[in-house]
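Working notes, structure below.
The values are calculated or read from the model by the stated rules, or taken from the named source; none is laboratory data. Computed from a predicted structure; not experimentally measured. Quick reminder, even Gly has a Cβ in these numbers, built from the backbone with ideal geometry, and neighbours come from all protein chains shown. Note: accessible area is taken over every heavy atom of the protein model, side chains too, but ligands, DNA and RNA are not part of it. Shrake-Rupley method; radii C 1.70, N 1.55, O 1.52, S 1.80 Å.
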Amino acid sequence: MKSLKHLPVIIIMMLVSLACQMSDSSDKISGVEERVEQLLGEMTLDEKIGQMCQVSGGQGNEESIRQGMIGSILNEVDPENINRLQKIAVEESRLGIPIIVARDVIHGFKTVFPIPLGQAATWNPELVQKGSRIAASEAASTGVRWTFAPMIDISRDARWGRIAESLGEDPYLTSVLGAAMVTGFQGDSLNGETSIAACAKHFAGYGAAEGGRDYNTTSIPPRELRDIYLPPFKAAVDAGVRTFMSGFNEVDGVPATANKYLLTDVLRNEWQFDGFVVSDWASTWEMINHGFAADEKEAAHRAIKVGVDMEMATTTYRDNIAALLKEGALNIEDINQAVRNILRVKFELGLFDNPYIAEEKQNQFARPEYLEAANLAATQSMVLLKNEQKTLPINSSSKIALIGPMADQPYEQLGTWIFDGDTTLTVTPLQAFNKTFGQENVLFAEGMPISRTRHQKGFRKAIEQAKNSDVIVFCGGEESILSGEAHSRANIDLPGVQNELIKELKKTGKPLVLVVMAGRPLTIGEISEHADAVVYAWHPGTMGGAALADIVSGKANPSGKLPVTFPKVVGQIPIYYNHKNTGRPANPDSWTQMYDIPVKAPQTSLGNESHYIDAGFIPLYPFGYGLSYTSFEYSDLSLDKEVYARDETIEVRFTLSNTGEFAGEEVAQVYVRDLVGNVTRPVKELKAFERIDLQKGESKTVTLTIPVQELAFTNIDMKQVVEPGEFQLWVGGDSNAHLTTGFVVR
Ligand code: BGC
């Protein structure tokens, strides 16, 4: 029971709460600051330290919650249990401060959407926002009110397992879609009952892990940090994200979890972020391993000093704050500030006013409209990479040999981070094909039980089925566990004997459609030569099979576009579209393939340009790439002006025509190059895009806008500026867009 001495506080809180409910539902709920200060004034040091501690699981932590020694719990998802723990916090602790329950709701809760990299391939912010809204609604119905998403680490390395969780390689696309996720998770108002606080992670630079090895050191020049890695985080702040997570990695020798530049100078001072920052799992403690802190006390000190408000999983805060205060290494204002930030978000979430999840609102999962949205997201995420002789779509009367280790794997198609994903909801390709094409027309054989199988015991049946079919659909890729955290790969081919099986199947002479379900770009260049069509399906989530059946049957027209460059071979990594030109850019006219170099050729025979003599300089597929069953043409590109002032907006106008045989959707993309800068500038940068649907034969005039301020970059003096000068602009369906014009900024 709360002591009577706190009655006035409770009454004040109730009145303020009433006032809040009567006022508009903006995120900055009025009265929050007063409530925070009031409460802070009542707290003992131990209670303050408690707010800064997050533990995994409630079991066994009941007494600590009662003592006010825990501010947050992660990994509880049972509403009754969450209510039980919350009741201890609210009704049995001295001050009744609610806990905030967190979970990695990364791409869905029970209803699983495509992995974030797949969602990025939709280039559809509304749909991405909807996916996060649905994920939040399902999660909030268990009492989870905080997710560790979106993950907005720019990722240029397909070896890195966590590329699956990212939104790809481009700062602009990641900014737009990351912001959409924030809005989706947090809803119109943070205190809405289906709203959960979002978390921009991992601040910052984690995606640049050297060699793609998870947790590795990064080497990011300060200007690149500003222009490539930080923009999505700034966009998340602008979208109102309420929490941040510091990364595991170091940035130029300083672990992200004690990085003053990132966490204090940029996040708090420059961006004025007033939510709270949580460490990553044990990332405070790991600073000892980094060789940045001698012991736990120093680790806690360093993290708190730069503004990591809450510690996840380890207990360096709990065990050392009191001593650090006593020694004078920390002062009470350091602690107050952290607690303030945490309480602020708890108030905004309405946790003080509505701490429990009502019984009738519990476990609201997998509504028909949720599954429909997951289906649409999966459909729009799938990228058609190749379609020779119009192999796709497949005629409805065809006999299909459905083969492969991912063709009927309810779990494996869900992807990484699906703690709560419900495999009983999964629609696999086999289930969906049976429905769409009729069971009698689908000849199934897995060929290999899992993607890593190294024996050929299943080949015979698979080849038999292929022989009896009109067309083969091979569903391969990598199982869920082969991507995600700590699952980096040095070799990103199709694992196991998939390549061998595909080659055997192709020997039947039947057309072969290769469907790849994977958490990253795989080096499928060579094996694709044995396929007539290739669909890149990522890990498509719950409705992946249904979406694939729609695409294969032509009920849906593919419209996904790659959010990341696909390398031909691992040795090309890092390879990304927005690279620098160099003094000796690669040139198709002078590039010579290794085997074509004459014996004893003179040293300059290769053109002396930036390329590989074996792998060239062109990726397998460029950023933004994706085919459709129809064809699109871009024409009549014009800008509203030739010369722009820096406060103006560029209006890009062009005609997009559907010149093929089907209705379809195209993601039109606008790229810009700043021709000369006082530091070198990328050869192209995405600056605008839009998904446009066109009936067969239809043309539309499209206008996209780019505020000139969007052309700013970090100059030689580390200032964000738009430099006057000439720019080139392209419009098209991928980053190799050809239709071009120029403009000047003065
Ligand atoms: C990951 C985070 C995640 C956290 C909590 C860490 O290992 O890096 O992204 O949110 O665990 O599960």
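Tabulated results
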{"item": "Of residues in segment 86-104 being open to solvent by 10 Å² or more (accessible area, probe 1.4 Å) and within 16 Å of the ligand (Cβ to nearest atom), the one farthest from Gly192 (Cα to Cα)", "result": "Asp104"}
{"item": "Selection from segment 260-272 of residues that are free of Cβ contacts under 8 Å to residues at least 60 places away in the same chain and either open to solvent by less than 10 Å² (accessible area, probe 1.4 Å) or within 16 Å of the ligand (Cβ to nearest atom) (or both)", "result": "Leu262, Val266"}
{"item": "Some residue of segment 238-248 being β-branched (Val, Ile, Thr) and more than 16 Å from the ligand (Cβ to nearest atom)", "result": "no"}
{"item": "Selected residue [open to solvent by less than 10 Å² (accessible area, probe 1.4 Å) and away from the ligand (no atom under 16 Å from the Cβ)] from Leu351, Leu371", "result": "Leu351"}
{"item": "Selection within segment 704-737 - outside any loop (DSSP other than H, G, I, E, B), farther than 19 Å from Glu690 by Cα and in contact with a Gly (Cβ under 9 Å, 6 or more places away or on another chain)", "result": "Phe713, Gly725, Glu726, Phe727, Gln728"}
{"item": "Qualifying residue in segment 604-616 (condition: among the charged types (D, E, K, R) and not in a loop (DSSP other than H, G, I, E, B))", "result": "no"}
{"item": "Filter result for Glu333 (more than 16 Å from the ligand (Cβ to nearest atom), open to solvent by 30 Å² or more (accessible area, probe 1.4 Å), without any contact (Cβ under 8 Å) to a residue 12 or more places away in the chain and under 30 Å from Thr111 (Cα atoms))", "result": "no"}
{"item": "Positions within segment 709-728 being under 27 Å from the mean Cα position of the chain (by Cα) and touching a residue at least 12 places away in the same chain (Cβ under 8 Å), in sequence order", "result": "Gln709, Glu710, Leu711, Phe713, Thr714, Gln720"}
{"item": "Enumeration of residues in segment 201-223 that are open to solvent by less than 60 Å² (accessible area, probe 1.4 Å), more than 16 Å from the ligand (Cβ to nearest atom) and not in a loop (DSSP other than H, G, I, E, B)", "result": "Gly211"}
{"item": "Hey, Tyr671 among the hydroxyl-bearing types (Ser, Thr, Tyr), under 25 Å from Glu224 (Cβ atoms) and assigned to a strand (DSSP E or B) or not", "result": "yes"}
{"item": "First in segment 277-305 and in contact (Cβ under 8 Å) with a residue 12 or more places away in the chain, second anywhere and among the acidic types (Asp, Glu) and more than 16 Å from the ligand (Cβ to nearest atom), Cβ under 6 Å, 6 or more apart", "result": "Ile304/Asp334"}
{"item": "Selection count, segment 127-185, where residues are within 12 Å of the ligand (Cβ to nearest atom) and hydroxyl-bearing (Ser, Thr, Tyr)", "result": "2"}
{"item": "Criterion violated by Thr705 - all others in (1) in contact with a Ser or Thr (Cβ under 6 Å, 6 or more places away or on another chain); (2) buried (at least 20 other Cβ atoms within 10 Å of the Cβ); (3) among the hydroxyl-bearing types (Ser, Thr, Tyr) satisfied", "result": "(2)"}
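Yes/no matrix, rows are residues, columns are (1) within 16 Å of the ligand (Cβ to nearest atom); (2) touching a residue at least 40 places away in the same chain (Cβ under 8 Å); (3) of a type outside the set (D, E, K, R):
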{"position": "Val55", "(1), (2), (3)": "yes, yes, yes"}
{"position": "Asn61", "(1), (2), (3)": "no, no, yes"}
{"position": "Arg66", "(1), (2), (3)": "no, no, no"}
{"position": "Met69", "(1), (2), (3)": "no, yes, yes"}
{"position": "Ser72", "(1), (2), (3)": "yes, yes, yes"}
{"position": "Ile106", "(1), (2), (3)": "yes, yes, yes"}
